[in-house]
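One structure below.
Where a number appears in this text, it was derived from the coordinates with a stated rule and is not lab data. In this text, all values refer to a predicted model and were calculated from it rather than measured experimentally. Using ideal geometry, Cβ is built from the backbone for each residue, glycine included, and neighbour counts are taken over all protein chains shown.
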Amino acid sequence: MRRAHGGGGCVSGRSPAPVLGVRALSRATLARQHLLARAPAEVGVARVIEDLVGMQAQNPRDPYPALAARLEGFTPEALEALYAAREVARLTLMRGTLHLVTARDARALRPALLPVALRALASTRFGKATRGVDEAAVAAATRALLADGAPWSRADLGKELAARFPPYPADGLALLATLLVPVVQPPPRGLWRESGAATWTPLDGWLGGDAAIAACEEEELVRRYLGAFGPASVKDVRTWSGLTGAKAIVARLRPELLVLRDEGGTELFDLPDAPRPDADTPAPPRLLPEYDNVMLAHADRGRILPDGAKPEGWAASVLVDGFFAGHWRLDGAAGGDEARVEIALHRAIDAEEEEALVAEARRVLGVLAAGADHAVSVRVGALRDGPPRGF
């Protein structure tokens with residue numbers, strides 16, 4: 001892929017740096033997210049998940065449309081096979097939210113991000129309600145309860161812990177316990193055609209394999225972030241990771257990074273060999289899930305959300321020409337003879353863009369609703385019944 005600094009020009013100052021315009025930033029990030037061109041089928045699901053440093057998975061089925069947008073030849077069965085082989089897992093990681101990651105990344109990323117999750121919990125009513133509890137004792141009790149590997153709901157875990165640690169509340173203790181002790185949410189939660197209640201089981205027992213995988217160092221975590229989402233500012237790094245020391249980490253890495261600027265003069269950092277396509281590189285339409293990596297990974301989201309626009313809530317999003325253009329809904333994909341994609345655009349698009357968008361929607365239907373009759377509708381306005389919530 002050709003490297004270029006779309007936007008051109010330099011800013012004055014002690015350390016002049018190339019300036020990247022919004023379109024150039026858009027193309028750079030989309031290229032790394034496999035949204036300019038899908039990864040070839042042979043790359044495989046696990047590699048794409050690692051390229052993205054995990055995938056948002058608060059809504060357990062969100063990774064399926066996210067992978068359909070990024071990987072040629074993807075099928076829901078391919079991800080479900082990785083669950084069955086215990087090569088992927090859903091657990092609490094970046095920003096204290098659930099992510100789908102490979103087994104290797106589950107072991108490497110969790111220790112690095114645990115302080116972030118604990119800090120986030122402490123600021124909530126649940127964290128405040130458990131302030132002062134003996135965390136070591138809570139962790140030990142939780143390990144004992146989960147020792148046989150049987151999955152537990154947070155509600156049941158909370159009841160048991162509340163009986164052991166009065167007067168602390170069950171809901172706060174359960175949240176704390178599932179951070180202090182490494183746990184994952186096992187299937188059927190997270191499968192495409194079957195699901196289940198959210199339960200938790202120990203990470204080591206679920207993944208097996210090499211429990212000695214080293215924790216990811218903070219510097220490596222930032223390198224991986226830049227490789228997946230760059231170029232990015234210190235604030236972007238902090239927004240994605242929650243690391244309070246992001247400024248110092250980037251300062252330590254600075255000698256090995258490429259330094260750029262955005263049109264507002266903010267310093268951006270990048271891996272020297274990462275792709276930075278021309279600003280005018282075509283960006284095909286894509287249908288993304290409710291909480292997609294690319295929508296949440298920057299403090300300044302202008303490279304995806306044009307003119308400061310914000311999605312209505314966090315609903316499944318449509319990208320046209322690389323930028324947020326509206327919402328979409330998928331009906332009937334989990335079974336049945338008919339499946340439909342309804343697209344509601346926030347702005348008008350030209351005939352060529354609409355033709356490409358309809359083709360993309362039909363492709364997504366072919367992946368997520370194989371065997372069903374397909375229908376696609378596109379209009380400008382709001383989705384009927386409001387924005388979609390999950391798949």
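Go ahead and estimate [θ] at 222 nm for the chain from helices alone: -39,500 (n - 2.57) per DSSP H run with n ≥ 4, summed, over the residue count, rounded to 500. Don't skip to the answer; put the middle values down first.
Working: 15 runs with 146 residues, N = 391.
It comes out at -11000 deg cm²/dmol, rounded to the nearest 500.
Taking the Cα centre of the chain as origin, sum charge times position over the Cβ atoms of Lys and Arg (+1) and Asp and Glu (-1), and report the length of that vector in debye to the nearest 20. The partial results should precede the final answer.
Numbers: 47 positive and 49 negative charges, 239 e Å.
With only Lys, Arg, Asp and Glu charged at Cβ, the dipole is about 1140 debye.
Taking Cα pairs under 8 Å and at least six residues apart, what relative contact order does the chain come out at, in percent?
On the way: 756 pairs, mean separation 79.8, N = 391.
Rounded, it is 20 percent for the chain.
If each residue of separation counts as 0.36 nm, what is the full-extension length gain between residue 136 and residue 373 once their alpha-carbon separation is subtracted?
Details: separation 237, 0.36 × 237 = 85.32 nm, distance 5.50 nm.
That works out to 79.8 nm of additional length.
Where in the stretch 162-250 are there GluC sites (Glu not before Pro) that are in a DSSP coil and have at most 16 other Cβ atoms within 10 angstrom of their Cβ?
Working: sites: 194, 217, 218, 219, 220; in loops: 194, 217.
Counting only loop positions with at most 16 other Cβ atoms within 10 Å, the GluC sites (Glu not before Pro) in the stretch 162-250 are 194, 217.
May I have the convex hull volume per residue, in Å³, for the Cα set of the stretch 186-272? List each step's numbers first, then the result.
On the way: hull volume 14.9 nm³, N = 87.
With only Cα atoms used, the stretch 186-272 gives 171 Å³ per residue.
Inverting the mean 1/r over all pairs of different Cα atoms, compute the Kirkwood radius of the chain and quote it in Å.
Numbers: mean 1/r = 0.0452 Å⁻¹.
Radius from the Kirkwood sum: 22.1 Å.
Over all directions, average the projected area of the Cα convex hull of the stretch 170-229 and note it in nm². Don't jump to the answer; show the numbers that get you there.
Working: hull surface 26.0 nm².
Value for the stretch 170-229: 6.5 nm².
Can you give the FRET efficiency to the nearest 0.05 for residue 348 and residue 119, using r as the Cβ-Cβ distance and R₀ = 41 Å?
Working: r = 44 Å, r/R0 = 1.07.
Computed FRET efficiency for residue 348 and residue 119 comes out at 0.40.
Would you compute the Debye intensity of the stretch 41-207 from its alpha-carbon atoms alone, equal scatterers and no solvent, and pass along log10 I(q)/I(0) at q = 0.12, 0.18 Å⁻¹ to two decimals?
-0.53, -1.08
Could I have the simple spin-label model distance between residue 77 and residue 384, label points 7 Å from Cα toward Cβ, reported in nm to one decimal?
Between residue 77 and residue 384, the label points sit 3.3 nm apart.
Check each of the trypsin sites (Lys or Arg not before Pro) in the stretch 180-227 and keep only those in coil by DSSP with at most 14 other C-beta atoms within 10 angstrom; list them in order.
Working: sites: 189, 193, 223, 224; in loops: 189, 193.
Those that pass, being in a loop and sparsely packed, are 193.
What translational D, rounded to a whole number of µm²/s, comes out for the stretch 305-380 from Stokes-Einstein when the hydrodynamic radius is the Kirkwood one over Cα pairs, at 37 °C and 0.692 mPa s?
On the way: Rh = 12.9 Å.
D, rounded to a whole number, is 254 µm²/s.
Can you give the FRET efficiency to the nearest 0.05 for residue 359 and residue 259, using r as the Cβ-Cβ distance and R₀ = 41 Å?
Working: r = 40 Å, r/R0 = 0.97.
After rounding, the FRET efficiency stands at 0.55.
Over the stretch 128-209, calculate the relative contact order: mean separation of alpha carbon pairs under 8 Å at least 6 apart, over the residue count, as a percent. Provide the component values of the computation, followed by the final result.
Values: 102 pairs, mean separation 26.0, N = 82.
It comes to 32 percent, rounded to a whole number.
Would you kindly calculate the translational diffusion coefficient of the stretch 86-157, applying Stokes-Einstein with the Kirkwood radius from alpha carbon pairs, for 25 °C and a viscosity of 0.890 mPa s, and quote it in µm² s⁻¹ without decimals?
For the chosen part, D equals 178 µm²/s.
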